[in-house]
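The values are calculated or read from the model by the stated rules, or taken from the named source; none is laboratory data. What you see is a predicted model, and the numbers here were worked out from it, not measured in a lab. For neighbour counting, all protein chains shown are included, and Cβ atoms are generated from backbone atoms with ideal geometry for every residue, glycine included.
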Amino acid sequence: MNYKFKYRLFGRSKGRSKNNKLIEKAIKMKLKKIDQTKYNIIDIGSGYGESTLEIVKYNSDKIVIACEKYIDGLNNIAKKIKNVDANNVRLFQGNVHQLLDENCPDNSISEIWILFPDPWPKKKHYKRRLINYDFFLKIKKYLKKDSIIHIATDSRAYISEILFNVYKIKNDFQWLNQSKREWDYANLSLPDTKYFQKALKKGFNPFYLKLKKL
């Protein structure tokens, strides 16, 4: 697998806004090599930042890293953290595989959030989905013992695939929330994101999955 394919980004990375100077400055100032002695949380696909900002609110003593390809979303986070003076936020624009390979030592991540990743519903695009067996194998070495992974999706096909792979990696990861009540994203205290609201408007009931690395 070559470098370009490995770190390839699908879809747009910029919106219509031309004012991205803030995020460019924020990325240069805040992105550093991850300190494995800290409690590090990665919010993968942070979108417009609702999830990151919610995570930061309840984890002011931990490092929260927003990983997102869409520069306008990171720009929104940069503006918001500037207003609340949050010094524990880090920003990374790009592919999470690149973040892991270049910025994360082994056993350095304490928590991962993956809320409403792109389901790529067309069969020919399934290979673009982030969460698969190879993804779990890769992140295993970067995660600390007893680290937590939060996953949510409103795609039935995607959650079926994810659960199939969770079964395959059951010797390395424990599925913590196995009761029906604990799957219901809408009834849990979880980040209220744009994509969660879109799912509700469509009449979908998002599925939440919580895993622990053994």
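Test D134 against the criterion of being closer than 23 Å to N103 by Cβ, of a type outside the set (A, V, I, L, M, F, W, C) and exposed (fewer than 13 other Cβ atoms within 10 Å of the Cβ), and give yes or no. Even if it seems obvious, please write down each step before you answer.
On the way: closer than 23 Å to N103 by Cβ: yes; of a type outside the set (A, V, I, L, M, F, W, C): yes; exposed (fewer than 13 other Cβ atoms within 10 Å of the Cβ): yes.
Yes, satisfied.
Say we look at region 82-101 and pick out the residues that are without any contact (Cβ under 8 Å) to a residue 40 or more places away in the chain and aliphatic (A, V, I, L, M); which of these is surrounded by the fewest Cβ atoms within 10 Å (Cβ to Cβ)?
V84
Tell me which residues, restricted to region 50-88, are of a type in the set (S, T, N, Q), in contact with a Leu (Cβ under 8 Å, 6 or more places away or on another chain) and closer than 20 Å to I34 by Cβ.
The one that is of a type in the set (S, T, N, Q), in contact with a Leu (Cβ under 8 Å, 6 or more places away or on another chain) and closer than 20 Å to I34 by Cβ: S51.
Within region 161-214, which residues are polar (S, T, N, Q), surrounded by 14 or more Cβ atoms within 10 Å (Cβ to Cβ) and closer than 22 Å to F135 by Cα?
If the condition is that a residue be polar (S, T, N, Q), surrounded by 14 or more Cβ atoms within 10 Å (Cβ to Cβ) and closer than 22 Å to F135 by Cα, then N165, Q174, N177 are the ones that fit.
Within the set of pairs 6 or more residues apart or between chains, which connect a residue that is in contact (Cβ under 8 Å) with a residue 60 or more places away in the chain inside region 181-204 to a residue that is surrounded by 13 or more Cβ atoms within 10 Å (Cβ to Cβ) and charged (D, E, K, R) with Cβ atoms less than 6 Å apart?
P191/E50; P191/E54; T193/E50; A199/D154
At pLDDT below 80, in a loop (DSSP other than H, G, I, E, B) and not acidic (D, E): is that true of L9 in this structure?
Working: at pLDDT below 80: yes; in a loop (DSSP other than H, G, I, E, B): yes; not acidic (D, E): yes.
Yes.
Quick check on region 77-84. Is at least one of its residues modelled with pLDDT of 90 or more and of a type in the set (S, T, N, Q)? Please lay out each step first, then the result.
Kept after step one, since they are modelled with pLDDT of 90 or more, are these residues of region 77-84: none.
No, there is no match, as no residue in region 77-84 is modelled with pLDDT of 90 or more and of a type in the set (S, T, N, Q).
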